[in-house]
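S.K.: I'd like to ask some things about the structure below.
The values are calculated or read from the model by the stated rules, or taken from the named source; none is laboratory data. Computed from a prediction, not measured in an experiment: that's the story for all the values here. Note: ideal-geometry Cβ built from the backbone for every residue, glycine included; neighbour counts use all protein chains shown.
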Amino acid sequence: MPATPRSKDERSYTITELAQEFDITPRAIRFYEDVGLLEPTRKGRNRVYSQRDRTRLKLTLRGKRLGFTLTEIRDLVTMYESPADTGAQLEAFRSALAQHRRQLEQQLEDLQVTLAEITQHEHRCALLLAERTVGAPAVRAAPAAARRRRALAGVR
């Protein structure tokens, strides 16, 4: 029996096809289904994904790359599909992006502070190791040990 041509909207996908197209595992697709991001139909024991599911999967993966949680992604995708005014949807998306930006900027600041502290500790360790390799006399051993303790503690 010859296959009848389908329009783009009628196209269906198997879990394997979507997994290959988006380079993810079928298990990930089933997980997205479990959290309500995808709603495939069933043909016997097989899942059949629509063009809508494919689009939602694409948006989900894009949202993950932007750092959104699955709950945020679900809310945004659901809002996107609603018949409500596009302006309100865009404003909600812009607000979510701004909130996410603030969170990432705070994380970046925290990372920069931590990296500066690590650099400081590395420098102190290098100084202590250099001092140790010089071979200070035994008489100066006690003051050197005290200097090392102060240096590691950040005290001068």
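S.K.: Any residue at all in segment 84-107 that's of a type in the set (Val, Ile, Thr) and either touching a helix residue (DSSP H, G or I) at 6+ places or on another chain (Cβ under 7 Å) or modelled with pLDDT of 80 or more (or both)?
M.R.: no
S.K.: Arg52 - would you say it is out of contact with any helix residue (DSSP H, G or I) (no Cβ under 6 Å at 6 or more places or on another chain) and within 16 Å of Arg11 (Cα to Cα)?
M.R.: The answer is yes for Arg52.
S.K.: Then there is this: For segment 9-23, enumerate the residues that are under 12 Å from Asp53 (Cβ atoms) and in a loop (DSSP other than H, G, I, E, B).
M.R.: Listed by number, the residues that qualify are Arg11, Thr14.
S.K.: While we're looking at this one, here's another question. Only one of (1) of a type in the set (A, V, I, L, M); (2) in a helix (DSSP H, G or I); (3) modelled with pLDDT under 65 fails for Val113. Which number is that?
M.R.: (3)
S.K.: Listed residues Ala116, Ala98, Ala92; which is over 30 Å from Asp23 (Cα atoms) and among the small types (Gly, Ala, Ser)?
M.R.: Ala116
S.K.: For segment 119-134, how many residues meet the condition of being loosely packed, with under 13 Cβ neighbours inside 10 Å and hydrophobic (A, V, I, L, M, F, W, C)?
M.R.: 4
S.K.: Filter segment 42-70 down to residues that are β-branched (Val, Ile, Thr) and in contact with a Phe, Trp or Tyr (Cβ under 8 Å, 6 or more places away or on another chain) and give me whichever is farthest from Arg102 (Cα to Cα).
M.R.: Filtering first and then ranking leaves Val48.
S.K.: Residues of segment 35-94 being outside any helix (DSSP H, G or I) and of a type in the set (A, V, I, L, M), which ones?
M.R.: Val35, Leu37, Leu38, Val48, Ala84, listed by residue number.
S.K.: Does segment 39-58 hold any residues that are buried (at least 18 other Cβ atoms within 10 Å of the Cβ) and within 20 Å of the chain's Cα centre (by Cα), and which are they?
M.R.: Arg56, Leu57 - these are the residues of segment 39-58 that are buried (at least 18 other Cβ atoms within 10 Å of the Cβ) and within 20 Å of the chain's Cα centre (by Cα).
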